[in-house]
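Okay, so here's the structure we're looking at.
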Amino acid sequence: MTEQRVSDEVEKLRLQLDRDAEASGYHLNPDAEFVRDLVRGLITNERRYGYWACPCRLASGQKEEDLDIICPCDYRDPDLSEYATCYCSLYVSQTVLNGEQEVGPIPERRPAPERRAQAQAQAAVALSGTLTYPVWRCRVCGYLCARDEPPGVCPICKAKKDRFERFM
Ligand code: SF4
């Protein structure tokens with residue numbers, strides 16, 4: 001693939017992410033060149049693993065193990081709330097966009113592998129309710145819905161179906 005085609009692909013995805021973010025109440029980092037570098041990482045990871053593994057983290061290459069770090073990751077919203085940026089600084093808060101706040105390095109919120117396994121086991125125990133329909137939770141934005149199957153795309157943050165977990 002020529003360098004020009006790569007640049008076009010990166011720019012196309014950057015614009016799409018920007019549109020999707022704005023439509024959902026999120027904002028991309030205003031530094032377009034910085035965002036292009038991250039988008040390049042997302043495209044590379046998609047080719048390598050088949051999904052948008054976070055460009056700032058080490059993916060295992062096993063989708064089930066990496067679900068929480070498929071962009072947008074499970075940690076974006078709490079990091080935006082607490083630090084005004086996601087771990088990679090791809091997404092930033094309105095205050096950063098307005099120039100009222102600067103972003104810097106933030107701590108990794110993703111638990112260590114053994115802690116993640118423990119949290120999954122606890123969630124499984126919590127699934128013992130007897131509702132008419134199962135409740136599904138979007139792991140990215142927390143959206144909840146009660147239906148037989150999770151929606152194909154989260155109506156709030158546009159995360160795909162595989163980012164939903166059975167909540168209760
Ligand atoms: S939202 Fe930010 S931290 Fe999370 S996967 Fe995407 S780029 Fe990485």
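Can you name the condition, by its number, that T85 falls short on among (1) near the ligand (Cβ under 10 Å from one of its atoms); (2) open to solvent by 30 Å² or more (accessible area, probe 1.4 Å)?
(2)
Taking region 20-29 only, how many residues are modelled with pLDDT of 95 or more and over 14 Å from the mean Cα position of the chain (by Cα)?
1
Do we find a residue being over 24 Å from G25 (Cβ atoms), of a type in the set (G, A, S) and more than 12 Å from the ligand (Cβ to nearest atom) anywhere in region 51-71?
Checked region 51-71: at least one residue is over 24 Å from G25 (Cβ atoms), of a type in the set (G, A, S) and more than 12 Å from the ligand (Cβ to nearest atom).
Could you check L80 against (1) free of Cβ contacts under 8 Å to residues at least 60 places away in the same chain; (2) more than 11 Å from the ligand (Cβ to nearest atom); (3) in a helix (DSSP H, G or I) and say which number it fails?
Looking at each condition in turn, L80 falls short on (2).
Mind checking which pairs have a first residue in region 23-52 that is within 25 Å of I156 (Cα to Cα) and a second that is at pLDDT 95 or above and among the aromatic types (F, W, Y), Cβ under 7 Å, 6 or more apart or different chains?
Correct list of pairs: Y26/Y91; H27/Y91; L28/Y91; L42/W52; N45/W52; E46/W52.
The values are calculated or read from the model by the stated rules, or taken from the named source; none is laboratory data. All of these numbers come straight from a predicted model, not from anything done at the bench. Please note: Cβ atoms are built from the backbone with ideal geometry, for glycine as well, and neighbour counts cover all protein chains shown. Please note that ligands, DNA and RNA were not included when accessible areas were found on the heavy atoms of the full protein model with its side chains. Shrake-Rupley method; radii C 1.70, N 1.55, O 1.52, S 1.80 Å.
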